[in-house]
Amino acid sequence: MKVGFIGLGNMGSGMAANLLKASHEVTVYNRTTSKMKALVEQGAQPAAQVTEACRGEAVITMLADDGAVESIAFGDEGVTGNLGKGAIHISMSTISVALSERLAAAHAGAGQRFVAAPVFGRPEAAAAAKLFIVAAGAPDAVDACLPLFEALGQKTFTFGNNPQAANLVKLSGNFLIASAIEALGEAMALVGKAGVNRGQYIDLLTSTLFAAPIYKIYGPLIAEQRFEPAGFAAPLGYKDMRLTLAAAEALRVPMPLASLLRDRFLTLFAHGGERLDWSAIARLAAEDAGQQRQGPG
């Protein structure tokens, strides 16, 4: 397919590279133009502005937050103003349910199609084309995107015709991951203060009761206090908890644990942790218990 790719951060750069490996014709755009260089060397076409990335059958956006997506989506110079009739905007960013609804309406009004397709996976999974993709939108639009999804991930899950459903599923998943991180932090604070080896403890958990990817990924990071460089920066985790709570408020669903997690991120920031991985909230339990920091981060 002929596709534009907007947003070449930790996730997007690997994703765009995998589209090139799958022989798709890719035009890349990033506000920091130096991030396009490696992909251009791999065969991508550079775009000097958003409009140049909107000339194909689809354009993918992989950006940090609602503000970044809004800045390139709307207006005469944005995606909605330049994407062709019937072409597809594939939003793979983790954004709010409300923004997803606005995007769907704007694209429908312009005669375009919109698919929400946020992903689960850290940068290493993006580079290895091992992402899990959560897609929602009109069936014909989602079907048209499948060749792209096959190049980017190991499995695609579809959640109906309304794009915002995919965004809600993604936010709920990130809430569950953050909950697991907090629980791991509290449990390790408990056993660690008693002198139990944290590495051995995680080996036990991930070999028996919790042999799941989240525990296997984050358990060692927390045990070893390896929070830099950030694979998923703490401010993004905070953003996702706020968006989860906004969706919960709109649906009248109390989520007390999500409120706690939001406050954990605020505590981390108050202690200068903005540059750390979001798993750094786990160290707060140990600090609350009077334990000194161990290892990097």
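Annotation note: of D288, D277, the sole residue that is in contact (Cβ under 8 Å) with a residue 60 or more places away in the chain and of a type in the set (D, E, K, R) is D288. Filtering the range 262-293 to residues that are touching a Leu at 6+ places or on another chain (Cβ under 9 Å) and part of a helix (DSSP H, G or I) leaves R262, R264, T267, L268, W278, S279, A280, I281, A282, R283, L284, A285.
A residue that is within 16 Å of the chain's Cα centre (by Cα), in contact (Cβ under 8 Å) with a residue 40 or more places away in the chain and in a helix (DSSP H, G or I) occurs nowhere in the range 183-199.
Can you pull out the residues in the range 24-67 that are acidic (D, E) and in a helix (DSSP H, G or I)? E41, E52, D66, listed by residue number. The residues in the range 136-166 that are part of a helix (DSSP H, G or I), among the small types (G, A, S), over 14 Å from the mean Cα position of the chain (by Cα) and over 22 Å from K21 (Cβ atoms) can be counted, and the count is 2. Only one entry of A233, A289 meets the criterion of being touching a strand residue (DSSP E or B) at 6+ places or on another chain (Cβ under 9 Å) and either surrounded by fewer than 14 Cβ atoms within 10 Å (Cβ to Cβ) or farther than 28 Å from N197 by Cβ (or both), and that entry is A233. Taking the range 119-142 as the range and being farther than 16 Å from P213 by Cβ and among the charged types (D, E, K, R) as the test, only D140 passes. For the residues A22, A58, A64, the requirement of being within 20 Å of V119 (Cα to Cα) and touching a Cys at 6+ places or on another chain (Cβ under 8 Å) singles out A58. Tell me, yes or no, whether the range 35-54 has at least one residue that is among the hydroxyl-bearing types (S, T, Y) and in contact with a Phe, Trp or Tyr (Cβ under 8 Å, 6 or more places away or on another chain). No, the range 35-54 contains no residue that is among the hydroxyl-bearing types (S, T, Y) and in contact with a Phe, Trp or Tyr (Cβ under 8 Å, 6 or more places away or on another chain).
Residue-wise test of (1) of a type in the set (G, A, S); (2) in contact with a strand residue (DSSP E or B) (Cβ under 6 Å, 6 or more places away or on another chain).
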{"position": "V115", "(1), (2)": "no, yes"}
{"position": "V119", "(1), (2)": "no, yes"}
{"position": "A136", "(1), (2)": "yes, yes"}
{"position": "V142", "(1), (2)": "no, yes"}
{"position": "A166", "(1), (2)": "yes, yes"}
{"position": "I177", "(1), (2)": "no, no"}
{"position": "G199", "(1), (2)": "yes, no"}
{"position": "A211", "(1), (2)": "yes, no"}
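Within the range 72-92, can one find any residue that is at positive phi, without any contact (Cβ under 8 Å) to a residue 60 or more places away in the chain and surrounded by fewer than 15 Cβ atoms within 10 Å (Cβ to Cβ)? Yes; the residues of the range 72-92 include at least one that is at positive phi, without any contact (Cβ under 8 Å) to a residue 60 or more places away in the chain and surrounded by fewer than 15 Cβ atoms within 10 Å (Cβ to Cβ).
Would you check if there is a residue in the range 187-200 being at pLDDT 95 or above, surrounded by 16 or more Cβ atoms within 10 Å (Cβ to Cβ) and within 23 Å of F132 (Cα to Cα)? Checking the range 187-200: not a single residue is at pLDDT 95 or above, surrounded by 16 or more Cβ atoms within 10 Å (Cβ to Cβ) and within 23 Å of F132 (Cα to Cα).
The values are calculated or read from the model by the stated rules, or taken from the named source; none is laboratory data. Everything numeric in this text was worked out from a predicted model, so none of it was measured. Neighbour counts are summed over all protein chains in view; Cβ atoms, including those assigned to glycine, are modelled from backbone coordinates with ideal geometry.
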